[in-house]
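Participant: For reference, the structure I am asking about is given below.
Values quoted throughout were computed directly from the atomic coordinates according to the rules given, and no laboratory measurement underlies them. These numbers were taken from a predicted model, which means no experiment stands behind them. Here the Cβ positions follow ideal geometry from the backbone for every residue, glycine too, while neighbour counts run over all protein chains shown.
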Amino acid sequence: MAKIHTKQAAEAILCELPSVLGAYVREDINGHPREVHVLIGPGPDARLLAMDLRDLLEERLGIPVDQRVISIAQLAETHFLDQARSGNSDPAESVPRGRLRFDAVETQTREGMVVVRVRLARGEMVITGECSEVEVPQARLRGAAVATLNAAATAMGERIRLQLENLAIIRAFGREYALVTVLASAPRLGRRPLPLFGAQPIEDMGEQAAVFATLKAINRVIGLPDA
């Protein structure tokens, strides 16, 4: 049976929708969607939209699509308006008290490995997380995201578990965005891991964009009571 490639067709189908600002699809060994990452503007209900996206892809591609492979990051209203008007964003936006704040990121390359260290702050506490990745495409961004989660785990102790599920680069508003999917596990979040999504435009340093995208995802639960 001939292999059918669906990446370009699936991305084009998704971007036909007015609410979709950008999309990235990764294929499995059969050429079917293995990961579907979508960036949307404010307004639509992301959970309902995921079902609509699955149905649309199945109808147009003629193959089954698992809804669990679809991750959606939604821009906030203020960020969306800023991007639409000027293309500018301020990663140093105010962070509510109790949540994690970005402090610094450092990247080193040695012997085919990329080592990323991320320093975060929570109140008066400063925490450092580190990650080592084989030097391949997106290794720096992935390392920054994992290092951010490692720092967050140190800050939170055993109250919550955070795991990077996916990282993708999506193009929207004529620029590239780092989009991350994180799985959060804690008794107060339910029996199943809770998927969290965050996106940040990539400026001069991709690692910093990955850190901010990760923080946007996890601060939603870290800032909750009893976190």
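Participant: Net charge near P33, counting Lys/Arg +1 and Asp/Glu -1 over other residues with Cβ under 12 Å of its Cβ?
Facilitator: Working: positive: K7, R26, R34, R54, R60, R68; negative: E11, E27, D28, E35, E58, D66.
Its environment carries a net charge of 0.
Participant: Next question. Taking the Cβ of V182 as the centre, find all other residues whose Cβ is under 13 Å away and add up their charges (Lys, Arg: +1; Asp, Glu: -1). Walk me through the numbers on the way to the answer.
Facilitator: On the way: positive: R142, R161, K216, R220; negative: E165.
That sum, taken over residues with Cβ under 13 Å, equals +3.
Participant: E176's amide H: which non-local residues (gap 5+, or another chain) put their own amide H closer than 5 Å, with H modeled 1.01 Å from N in plane and none for Pro or chain starts?
Facilitator: Sorted by chain and number, the residues that satisfy this are I202.
Participant: Moving on. Around T6, which amide H atoms from residues at least 5 apart in sequence, or from another chain, sit under 5 Å from its own amide H, with H modelled in the peptide plane?
Facilitator: Placed amide hydrogens put nothing under 5 Å from T6.
Participant: Mind checking the dipole of the chain: about its Cα centre, +1 per Lys or Arg Cβ, -1 per Asp or Glu Cβ, Debye to the nearest 20? Before the final figure, lay out each step's value.
Facilitator: Numbers: 27 positive and 29 negative charges, 115 e Å.
Dipole magnitude for the chain comes out near 560 debye.
Participant: Quick one: net charge around V114, please, counting Lys, Arg +1 and Asp, Glu -1 for every other residue with C-beta under 12 Å from its C-beta.
Facilitator: Here the charged neighbours net out to -2.
Participant: Continuing with the same structure: Apply the Karplus curve 6.51 cos²θ - 1.76 cosθ + 1.60, θ = phi - 60°, to the phi angles in the stretch 16-25 and return the couplings in whole Hz, x for Gly and Pro.
Facilitator: With coefficients 6.51, -1.76 and 1.60, one gets 5, 6, x, 7, 8, 8, x, 8, 9, 10 Hz.
Participant: Another question about this same structure. Longest span of the chain, sites excluded, free of GluC sites (Glu not before Pro) in DSSP loop with at most 16 other C-beta atoms within 10 Å? Show your work: numbers first, answer last.
Facilitator: Values: sites that count: E16, E93, E111, E124, E135, E158, E203.
Counting at most 16 other Cβ atoms within 10 Å as exposed, the longest clean stretch of the chain is 17-92.
Participant: Taking a quarter of the surface of the convex hull around the Cα atoms of the stretch 101-222, what do you get in nm²?
Facilitator: Values: hull surface 30.8 nm².
Reported value for the Cα convex hull: 7.7 nm².
Participant: Considering only V65, V136, V118, give the residue with the highest GNM mean-square fluctuation for the chain, with springs between Cα atoms whenever their separation is below 10 Å.
Facilitator: V136
Participant: Please report, to one decimal in angstroms, the Kirkwood hydrodynamic radius of the stretch 1-49 built from all distinct Cα-Cα pairs. Each step should come with its number before you reach the end.
Facilitator: Working: mean 1/r = 0.0860 Å⁻¹.
After inverting the mean inverse Cα-Cα distance, the result is 11.6 Å.
Participant: Please compute, over every Cα-Cα pair in the chain, the percentage with a separation greater than 32 angstrom. It would help to have the intermediate numbers written out before the result.
Facilitator: Working: 4949 of 25651 pairs.
Pairs farther apart than 32 Å: 19 percent.
Participant: Continuing with this model, one more query. Calculated from DSSP H runs of 4 or more alone, at -39500 (n - 2.57) each and per residue, what is the 222 nm mean residue ellipticity of the chain, nearest 500?
Facilitator: The helix-only estimate for the chain comes to -10000 deg cm²/dmol at 222 nm.
Participant: Consider a paramagnetic label point 7 Å from the Cα of A12 along Cα→Cβ; state which residues of the stretch 29-73 have an amide N under 18 Å from it.
Facilitator: 31-33, 56-63
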